[in-house]
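So the structure is just underneath, and the comments pick up after that.
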């Protein structure tokens, strides 16, 4: 369940900061109401709406974009409890001596205090979203985010504020909590498809090379008392219904009523069948490897036995003879994972609590030159979108070839071919074309062109060299860099390191039916030379090795370096 994954996600979040291999995709998994950056925005909204909301103001002053220490926060909030925190903040700013506040706290208050007070004074004079978003930007909120996914979460929150205001819904903590409870944080856009976290229900119909099922010893059923117990009779329009037994009656009898116990027994049987079905669905998602993680500490009598209402229970008869002695021996040796927890349903977060905040002397970075201001490149100097010059069908075929070659590069040549190669991807291509409104014979012609390009690449030594295993290889590498005094968003088809050189490969699905192939390749190199120059300049910011750029034509089976001509085959054969 989502609840059981909290520790795992927290550990992955910690590790991905230093190792991109731990980036993961979790769709509709992390509730937006629990995301720290959204919690900070809720506090900021409530603080700007209500000066007397002490909790909201304390949360804002402690948030990463202000970042007061606890001592400074206590000094600011402790003295003069009859005054609101905005009034205390104003007094602290007017106190030139800054008595009681640390130098770091003073610097933070001087930077953030005027922004907060101005936004609070504009209540009723400016739209709520504008006040909150402007204050958040001025305080440095975007600088506290961990990536584009968290920025998307914040934009979703601002859109929610707009929707609530348009609906004339009063905004308070309960209203925001209720509406945020139906929203989930955006997945990491840099994660790719290699590592995914999802519920068993969400995995239905999917397959993965490796499936990891943690915490099979954790209870799946809710188990709490209900006001009304009921279930439907199979094949009938009637239901069996019983209210909760009164507390006094339950105490006098020492147990629930017969009907309540009967309904509970039926519920347990249904849950056991559902658990078995869930276990089957989870286990059959794995194509190559399945890892099951359990923790079954011995009971009071020393017997190793799974809890009722866990996914381990239906699995236990099949593994008991082999694993019970191993778990028993591990428990006697005091190994981790065999001693259990007071309550496996609510696992404590054992990760250290780290404070993330902006430096005391933080200042907003200077904005880059406007894309439409003086010095901006004229529109005609920007290259046309790839494939558009050759027609709509060529554009779609080029996009599909790029996606398929990305898939080959990320999954591996052997694995792609072992799973049916291009023939197994024709239905996927057909579905993508249908979503773009291309079908029938027209769609089949596009698929044939895509198939020829991909199969030619797989049959070519050039294609297998480009898509083979190399150090620091990446597909569809997205970069943003300041080039020619303006920010540019770039996507590099394929990049890797080979014999001490960084290679940048750009795929081209162009065909050439006439003669003079060399002249055609030179014209293509001239057409895309500026684009490759930008790729080189963007990568050179963090790359000390020599950089080589080339165009790869799978339908022509050649690799061409602008300024150098065709790449010699001895490059990778020797």
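No lab work stands behind these numbers, since they all come straight from the coordinates. Here the structure is a predicted model, which means the values were calculated and not measured. Positions of Cβ are backbone-derived with ideal geometry, glycine not excepted, and every protein chain shown enters the neighbour counts.
Values as computed for the structure displayed
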item: Gained length - residue 151 relative to residue 107, 0.36 nm times residue gap less alpha-carbon distance; result: 13.2 nm
item: Taking 216, 117, 405 and counting other C-beta atoms within 10 Å, the order from fewest to most; result: 117, 216, 405
item: Per-pair calculated FRET efficiency, R0 = 22 Å: residue 356 and residue 199 via Cβ, rounded to 0.05; result: 0.20
item: For 173, 494, order by how many other beta-carbon atoms lie within 10 Å, fewest first; result: 173, 494
item: DSSP beta bridge pairing in the range 436-573, given as percent antiparallel to the nearest 5; result: 75 percent
item: Part-to-part distance (alpha-carbon centres) for the range 62-95 and the range 480-557, which is given in Å; result: 55 Å
item: Sorted by Cβ neighbour density within 10 Å, fewest at the top, the residues 417, 322; result: 322, 417
item: The range 433-544: relative contact order in percent, alpha carbon pairs under 8 Å with at least 6 residues between; result: 17 percent
item: Protection proxy ranking, peptides 188-198, 476-486, average beta carbon neighbours within 10 Å, highest first; result: 188-198, 476-486
item: Cα-based shape type of the range 99-156, given that a ≥ b ≥ c are square roots of the gyration tensor eigenvalues and the cut on a/c is 1.5; result: oblate
item: The range 388-467 shape via C-alpha gyration tensor axes, a/c threshold 1.5; result: prolate
item: Sequence ranges 132-141, 161-170, 452-461, ranked by mean other-Cβ count within 10 angstrom, highest first; result: 132-141, 452-461, 161-170
item: Cα-based Kirkwood hydrodynamic radius, the range 30-180, one decimal, Å; result: 15.8 Å
item: The range 30-180, relative contact order [Cα under 8 Å, separation at least 6], %; result: 29 percent
item: Overall form of the range 472-551 per C-alpha gyration tensor (a/c, 1.5; a/b vs b/c); result: prolate
